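For reference, the structure is listed below as structure tokens.
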Amino acid sequence: MADAIPSVTQKPWRAEIRATVSLAYPLVLTNLTQAAIQATDVVMLGWAGASTLAAGALGSNLFIAVFVFGMGLVYAAAPMMAREIGARRHAVREIRRTVRQAMWAAAMLAIPAWILLWNTEAILLLFGQQPALAAEAAIFVRALQWGLLPALLYIVLRSFVSALERPLWSLVVSGAAVLLNAFLNYGLIFGKFGFPELGILGAGIGSATTNCLLFLGMALVVTRHPKFRRYRLFGRFWRADWPRFLAVWALGLPIALTLAFEVTIFNAAVFLMGLISTASLAAHAIAIQVASLSFMVPLGIAQAATVRVGLAHGARDAAGIARAGWTAFVLGTGFMTLTALLIVAFPRLLVYAFLDESDPANAEVIALAISFLGVAALFQIVDGAQAVGAGMLRGLHDTKVPMLYAGLGYWVIGIGVGVGLAFGAGWEGLGIWLGLAAGLAIVAALMLHRWVRRERLGLLAL
């Protein structure tokens, strides 16, 4: 009974709700703007044709798998900074050390990542994808990959301003990036605004350029704003700090693997869809984009939970840890319940945003996408629960066991159920989506069970 959720009518809980919402909503909106950049690519590639959309989906999903792994690694900066600030409110040197070494970690990871992405065509062929689609996807990724490092550096700086509970600046920068990406992609894909018509290559160039400007914009903010510039984040940037560098990897690598397990199961679903049909692959790209947009909200709440739990953890405030975690959990799962209802109520309107319903050639893709969205609605709640649960545990620097939960839930249960239903039972794409739902449900239950037992497991010790 000690871990029951107290009434939010108590003053500390009202204060925690306000603090969490104030921190979370700019993070949510920032996530939505970043998702909007990807959605813009999907929409415009869809305008270019179903085969171009399918190739873009293959290439984008490989890139995102690598990017999310790197993002998980540098995510370690957020709980590390939050705990330092919770322990010493005006810590400067320790915060600077963490930011710099998280950037070093991003730069070290980028080199092998670039080599991997350069070989996109060979990787896709290895997984049995159609040669024509693999070749076109490689054209896209070889341009897009150069935006990887600046995107990761932007994530580090976003974590910095979030740990200081000033996330609005990241929203301002990413909001401008959405408009820039739409302008560049439309111009470069279709030859508008004086740009050459480059097709799928233009989409890669436009998005890579946008990621570079994201980082430059955020770097300008942290070096010029009075609240941030006193940290001198880029001063003597070349100086090694091996203890902090290793600390970033020790905390961040399990986060990276956790996110990689989750994202790669969705990437595996893309490859499996490609084995079924081009229509299934295109429909999956649409359905997963809709689900990804709604997921940005609990993801932002999870990021806020990491900071709020981390601040309370650094201050050795067990009651504050409980308030921060449960507040975020209720907000995240509550929102996803609402989105599930909306997806069930308006699936056709969502699909029609990506494809022209009057074109008979799109009929099969539309029907498949609607059926996939029906399953996506079912796992909205557990998807939000596992995301926020992981964020709560990261605030306690608990990352290794959640990593194991993710591996079990996604790659043993999720992929096992999906492949069995898709190819064994003959349910094809619908079976793959049901497998995804099963994996998310298991991981959510395991994360929540660990959070409830945090005191017994000794997770509150610094």
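For beta carbons closer than 7 Å, sequence separation of 6+ or different chains, a first residue in segment 402-414 that is over 15 Å from ALA387 (Cα atoms) and a second that is in a helix (DSSP H, G or I) and hydrophobic (A, V, I, L, M, F, W, C), the qualifying pairs are TRP411/PHE261; TRP411/ILE265; ILE413/ALA438; ILE413/ILE442; GLY414/ILE265; GLY414/LEU436; GLY414/ALA438. Only one of the numbered conditions (1) within 23 Å of ALA285 (Cα to Cα); (2) more than 20 Å from the chain's Cα centre (by Cα) is not met by LEU460, and that is (1).
Elements of the type helices (runs of 4 or more DSSP H) sitting completely within segment 268-380 and holding at least 1 residues that are at pLDDT 85 or above and under 30 Å from GLY458 (Cβ atoms): these cover 278-314, 318-345. Number of residues in segment 9-62 that are touching a helix residue (DSSP H, G or I) at 6+ places or on another chain (Cβ under 7 Å) and among the aromatic types (Phe, Trp, Tyr): the value is 1.
Among the residues of segment 76-93, those identified as within 19 Å of the chain's Cα centre (by Cα) and of a type in the set (Gly, Ala, Ser) are ALA76, ALA77, ALA78.
Close Cβ contacts (under 8 Å, 6 or more residues apart or on different chains) running from residues in segment 119-134 that are more than 9 Å from GLY274 (Cβ to Cβ) to residues that are part of a helix (DSSP H, G or I) and of a type in the set (Ser, Thr, Tyr) comprise ALA132/SER51; ALA134/THR120. Condition first: closer than 30 Å to TRP47 by Cα and assigned to a helix (DSSP H, G or I). Can you find one or more residues in segment 388-408 that meet it? No, segment 388-408 contains no residue that is closer than 30 Å to TRP47 by Cα and assigned to a helix (DSSP H, G or I). Among the residues of segment 124-134, the ones that are surrounded by fewer than 20 Cβ atoms within 10 Å (Cβ to Cβ) and within 16 Å of ALA65 (Cα to Cα) come to 1 in all. Of the helices (runs of 4 or more DSSP H) that lie entirely inside segment 1-98, those containing 1 or more residues that are closer than 16 Å to LEU152 by Cα and at pLDDT below 90 span 11-48, 50-74. Return yes or no: is LEU164 closer than 18 Å to THR209 by Cα, of a type outside the set (Val, Ile, Thr) and in contact (Cβ under 8 Å) with a residue 24 or more places away in the chain? No; evaluated as a whole, the condition is false for this residue. Apart from one condition, ALA106 fits all of (1) farther than 25 Å from LYS227 by Cα; (2) touching a Gly at 6+ places or on another chain (Cβ under 7 Å); the exception is (1). Across segment 302-353, the number of residues qualifying as of a type in the set (Gly, Ala, Ser), touching a residue at least 12 places away in the same chain (Cβ under 8 Å) and surrounded by fewer than 15 Cβ atoms within 10 Å (Cβ to Cβ) comes to 3.
All of ALA138, ALA113, ALA143, ALA151 fail the test of being in contact with a Ser or Thr (Cβ under 7 Å, 6 or more places away or on another chain), under 15 Å from ILE64 (Cα atoms), in a helix (DSSP H, G or I) and not acidic (Asp, Glu), apart from ALA138. Do you know which of the residues in segment 430-459 that are of a type in the set (Lys, Arg) and without any contact (Cβ under 8 Å) to a residue 40 or more places away in the chain is surrounded by the most Cβ atoms within 10 Å (Cβ to Cβ)? Residue satisfying both the conditions and the ranking: ARG453.
Exactly one residue among GLY202, GLY194, GLY206, GLY217 is in a helix (DSSP H, G or I) and surrounded by fewer than 20 Cβ atoms within 10 Å (Cβ to Cβ), and that residue is GLY217. Residue check: is LEU233 closer than 24 Å to PHE160 by Cα and assigned to a helix (DSSP H, G or I)? So LEU233 does not fit the description; no. Scanning segment 247-303 for residues that are small (Gly, Ala, Ser) and closer than 23 Å to GLY334 by Cα gives ALA287, ALA291, SER292, SER294, GLY300, ALA302.
The values are calculated or read from the model by the stated rules, or taken from the named source; none is laboratory data. Bear in mind the structure is a predicted one, so any value in this text is a computation, not a measurement. Positions of Cβ are generated from backbone atoms using ideal geometry, with glycine treated the same way; all protein chains shown enter the neighbour counts.
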